[in-house]
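Step one of this worksheet: look at the structure below.
The values are calculated or read from the model by the stated rules, or taken from the named source; none is laboratory data. Predicted, not measured: the structure shown is a model, and the values here were computed from it. All Cβ positions, even for glycine, are placed from backbone atoms using ideal geometry, and neighbour counts span all protein chains on display.
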Amino acid sequence: MSQIIYRPLADEGEYPRFAAFPVPASGVGVRAKTFEELVADGDYRPDRLWIAERDGEVVARIAFWAPPGHQHPWSVDYFDFHGENGVEVGAGLMRAAYAALVPPDYSVPSQPEGGRPDYHLFLPADWNERADARRDAERRIAAAERFGLVRFVERLNLRWTPADGLPPRSTRLRFEPAADRYDELVDVMMRVNENTLDAHTRRDLERWDPRTTVERMLKDAEELPDGNRDWWRIAYTADGAAAGFTLPVRAAAATHWYIGVAPEHRGHRYADDIVAEGLHIITEADEPKMSDATDVGNAPMAATFARCNYRVVGRRIIMI
């Protein structure tokens, strides 16, 4: 059998070769935007797009993503291969690309103390219910595991647009700008994190103390190109108690960067009010949609998004 060559794209002229690689009919790995749209957004560079070639034919591909202007890639999102030995070839491509793109001084906002890019496997909402989608997903997971990644969490990808219906603004909570109430925002976020169901936050709390964890969250949000600190809000009850918060930002699209209700105020569905407030804020800013996500294991947050008229548009398995 001919030797396989693993390499990055030579230049932008090879984008069509990368984009033309066949995607599974199951929808596994398919993105909401086309590859061309993502390139136009500045998400990719030729040196971060790798292919495996055999006799001049592309037999596997992998893409490393980062926001424009960042030195190191943050994550992997395209990862496709075909053929009987596709899992082995995919693992080899991942091994070669990671070795070239993850230096000893690797550091990104999501992993400020080193590590490597996560692999985000985008999946149809019903992937667990279809044999073809399960097969295609399991092959990609197997290749990533052969390289050395491990499964971390599965998330629901959610979307809201004005056409889905704007829930009414709260009549029981008062919202105040949070940008100039830093200490109060940190305090309520620390209380929210005490028993959070979010896997990433739990992992951060294993690394750092509660205050450092929150301060890093805020720093990451502030450093986004369109962080929109003026959208951030603290929610207060009628008696003036800080019940929760929301940090809407504009990343690839408008999103609730982080949101929560303090433990002593749970059980009243205040999360519905807080999500609705975020939707009103971005609607008034003429944002066309809100793209959010929550862990599959965070059933209360998933229920809140459903009551606020979000649609589940897919799932995502994150491997680290």
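R48: crowded, with 18+ Cβ neighbours inside 10 Å, of a type in the set (K, R), modelled with pLDDT of 95 or more and more than 30 Å from L218 (Cβ to Cβ), yes or no? Write out each step before concluding.
Values: crowded, with 18+ Cβ neighbours inside 10 Å: yes; of a type in the set (K, R): yes; modelled with pLDDT of 95 or more: yes; more than 30 Å from L218 (Cβ to Cβ): no.
So R48 does not fit the description; no.
State whether the residues of segment 10-27 include one that is of a type outside the set (G, A, S), at pLDDT 95 or above, surrounded by 15 or more Cβ atoms within 10 Å (Cβ to Cβ) and under 20 Å from D118 (Cα atoms).
So far as segment 10-27 goes, no, none of its residues is of a type outside the set (G, A, S), at pLDDT 95 or above, surrounded by 15 or more Cβ atoms within 10 Å (Cβ to Cβ) and under 20 Å from D118 (Cα atoms).
Taking the criterion of being out of contact with any Leu (no Cβ under 8 Å at 6 or more places or on another chain) and closer than 30 Å to T283 by Cα, would at least one residue in segment 133-152 satisfy it?
No, that holds for no residue.
A quick yes/no check of all residues on (1) surrounded by 20 or more Cβ atoms within 10 Å (Cβ to Cβ); (2) on the phi > 0 side of the Ramachandran plot; (3) more than 18 Å from the chain's Cα centre (by Cα); (4) not assigned by TED's automatic domain parsing to the domain that holds P109:
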| residue | (1), (2), (3), (4) |
| --- | --- |
| R211 | no, no, yes, yes |
| D226 | no, no, no, yes |
| R229 | no, no, yes, yes |
| A241 | no, no, yes, yes |
| L247 | yes, no, no, yes |
| G278 | yes, no, yes, yes |
| I282 | yes, no, yes, yes |
| S291 | no, no, no, yes |
| T304 | yes, no, yes, yes |
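Quick check on my filter: what residues within segment 180-209 are hydrophobic (A, V, I, L, M, F, W, C) and more than 24 Å from the chain's Cα centre (by Cα)?
Taking segment 180-209 and keeping what is hydrophobic (A, V, I, L, M, F, W, C), we get 185-186, 188-190, 192, 197, 199, 205, 208.
Listed by number, the list is empty, since nothing qualifies.
Of everything in segment 68-120, what is among the hydroxyl-bearing types (S, T, Y) and touching a helix residue (DSSP H, G or I) at 6+ places or on another chain (Cβ under 9 Å)? Give them in sequence order. Working first, answer last.
Step one: list which residues in segment 68-120 are among the hydroxyl-bearing types (S, T, Y), which gives 75, 78, 98, 106-107, 110, 119.
Selection gives Y78, Y98, S110, Y119.
Of everything in segment 154-200, what is in a loop (DSSP other than H, G, I, E, B), more than 18 Å from R307 (Cβ to Cβ) and free of Cβ contacts under 8 Å to residues at least 24 places away in the same chain? Give them in sequence order. So that I can check it myself, show each step before the final result.
We begin by selecting, within segment 154-200, every residue in a loop (DSSP other than H, G, I, E, B); these are 161, 165-173, 178-181, 194-198.
Adding the requirement that they be more than 18 Å from R307 (Cβ to Cβ) leaves 178-181, 194-196, 198.
Of everything in segment 154-200, just one residue is in a loop (DSSP other than H, G, I, E, B), more than 18 Å from R307 (Cβ to Cβ) and free of Cβ contacts under 8 Å to residues at least 24 places away in the same chain, namely D180.
Is segment 29-45 home to any residue that is crowded, with 19+ Cβ neighbours inside 10 Å, at pLDDT 95 or above and among the charged types (D, E, K, R)?
No, segment 29-45 has no match at all.
Can you give me the number of residues within segment 303-320 that are farther than 18 Å from D198 by Cβ and part of a strand (DSSP E or B)?
Going through segment 303-320 one residue at a time, the tally reaches 3.
Of the residues P248, P300, which is assigned to a strand (DSSP E or B) and of a type outside the set (S, T, Y)? Step through it out loud before you land on a result.
Values: P300 fails: assigned to a strand (DSSP E or B).
So the residue among P248, P300 that is assigned to a strand (DSSP E or B) and of a type outside the set (S, T, Y) is P248.
Under 7 Å between Cβ atoms, at least 6 apart or on separate chains: pull out the pairs that start in segment 75-86 with a residue that is closer than 17 Å to F122 by Cα and touching a residue at least 40 places away in the same chain (Cβ under 8 Å) and end on any residue that is among the acidic types (D, E) and in a strand (DSSP E or B).
Every condition considered, the pairs that remain are S75/D118.
So, of the residues in segment 58-104 that are more than 23 Å from the chain's Cα centre (by Cα) and over 22 Å from E14 (Cβ atoms), which turns out to be surrounded by the fewest Cβ atoms within 10 Å (Cβ to Cβ)?
The residue in question is P104.
State whether the residues of segment 262-273 include one that is assigned to a strand (DSSP E or B) and either modelled with pLDDT of 95 or more or under 20 Å from D187 (Cβ atoms) (or both).
Keep residues of segment 262-273 that are assigned to a strand (DSSP E or B), which gives none.
No - not one qualifying residue is present in segment 262-273.
Could you run through segment 306-315 and say how many residues are crowded, with 19+ Cβ neighbours inside 10 Å, within 18 Å of the chain's Cα centre (by Cα) and under 16 Å from D164 (Cα atoms)? Don't jump to the end; show me each part of the working.
At the first step, the residues of segment 306-315 found to be crowded, with 19+ Cβ neighbours inside 10 Å are 308, 310, 314-315.
Subsequent filtering for residues that are within 18 Å of the chain's Cα centre (by Cα) retains 310, 314-315.
After this cut, where a residue has to be under 16 Å from D164 (Cα atoms) as well, the list is 310.
Summing the residues that are crowded, with 19+ Cβ neighbours inside 10 Å, within 18 Å of the chain's Cα centre (by Cα) and under 16 Å from D164 (Cα atoms) in segment 306-315 gives 1.
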